[in-house]
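The values are calculated or read from the model by the stated rules, or taken from the named source; none is laboratory data. Computed from a predicted structure; not experimentally measured. Counting neighbours? That spans all protein chains shown, and the Cβs are built from the backbone with ideal geometry, glycine included. Remember, those area values only see protein heavy atoms, side chains included, never the ligands or the DNA or RNA. Shrake-Rupley method; radii C 1.70, N 1.55, O 1.52, S 1.80 Å.
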Amino acid sequence: MPDKRLTKLDHDHRCLSLIDGAQALGQVKVDLQEIGCDAYFSSPHKWLLAPPGNGMFYIRREQQDRFWTTLCSQDWDDHKDGMYRFVQYGTGNRSLLAGFDAALDFHFRLGPGRVYNRMRSLADRLRRGLQQVPLARISSPVNPELAGAVVVHRVEGVPAAKLEGQLWTEKWIRVRSQGDELGVRQSCQIYNNEAEIDSTLEVVRELASHT
């Protein structure tokens, strides 16, 4: 999404700008200073491949006093130490943080540009193939400025659950139903390959031919 433009729109209307970046971190470049948002949070287990249970939360320093913590541990109301009061939840899990560090190291060893290009090439391959199937529909953006590595697609007249099930039972490809109106959500990660994209299109063509 055009987060910088949306942030400006928020600020023009005297609103705080809070961004859900769950699908961005590890997939595309995120520059919080350039975006200018007031708060940003993300789920590093998705595209960064960090252990589940990790999280990332940012609040611009001059806006931190406007946010309340939902935690009620010691120092919950400490406004002197920046974000400290937002992480007062008792015993921390050092193994999770070590896994997060390892995931970041892996991401930067590969190179964020290479990661993005790999994901994008697989997603573009899927989008191009779907556009060649008459009954296939893409629910997610196809505009290059908005399209990412997530492709939501469906087959006209085919329940999303059937498409989800057939991709799994026939090709061992895991997607998630988003309801019949949208279809299934397919994420193209760096560990996926062209053969899996082509297998997806094979199932889509098969379903479309019987509808």
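Scanning segment 150-173 for residues that are closer than 13 Å to residue 200 by Cβ, in a loop (DSSP other than H, G, I, E, B) and in contact with a strand residue (DSSP E or B) (Cβ under 9 Å, 6 or more places away or on another chain) yields a total of 1. What do you reckon, is residue 123 of a type outside the set (Lys, Arg) and without any contact (Cβ under 8 Å) to a residue 60 or more places away in the chain? Here the answer is no, as residue 123 does not meet what is asked.
Please indicate, with yes or no, whether at least one residue in segment 175-191 is in a helix (DSSP H, G or I) and either within 21 Å of residue 28 (Cα to Cα) or within 21 Å of the chain's Cα centre (by Cα) (or both). Explain how you work it out, then say what you get.
Here is the first cut: in segment 175-191, the ones in a helix (DSSP H, G or I) are none.
For segment 175-191, residues in a helix (DSSP H, G or I) and either within 21 Å of residue 28 (Cα to Cα) or within 21 Å of the chain's Cα centre (by Cα) (or both): absent.
Considering the conditions (1) in a helix (DSSP H, G or I); (2) over 30 Å from residue 186 (Cβ atoms); (3) of a type outside the set (D, E, K, R); (4) open to solvent by 70 Å² or more (accessible area, probe 1.4 Å), residue 117 is excluded by exactly one of them, (2). Checking each residue in segment 98-114 for being loosely packed, with under 12 Cβ neighbours inside 10 Å and of a type in the set (Phe, Trp, Tyr) picks out only 108. Can you find a residue that is over 18 Å from residue 138 (Cβ atoms) and not charged (D, E, K, R) anywhere in segment 173-188? Looking for residues that are over 18 Å from residue 138 (Cβ atoms) and not charged (D, E, K, R), one finds none in segment 173-188, hence no.
Just one of (1) open to solvent by 50 Å² or more (accessible area, probe 1.4 Å); (2) under 24 Å from the mean Cα position of the chain (by Cα) fails for residue 84. It is (2). Scanning segment 130-174 for residues that are over 22 Å from the mean Cα position of the chain (by Cα), open to solvent by less than 60 Å² (accessible area, probe 1.4 Å) and not aliphatic (A, V, I, L, M) returns 165, 166.
Being open to solvent by less than 30 Å² (accessible area, probe 1.4 Å), within 22 Å of the chain's Cα centre (by Cα) and either at pLDDT 95 or above or on the phi > 0 side of the Ramachandran plot (or both) is a property that holds for residue 197.
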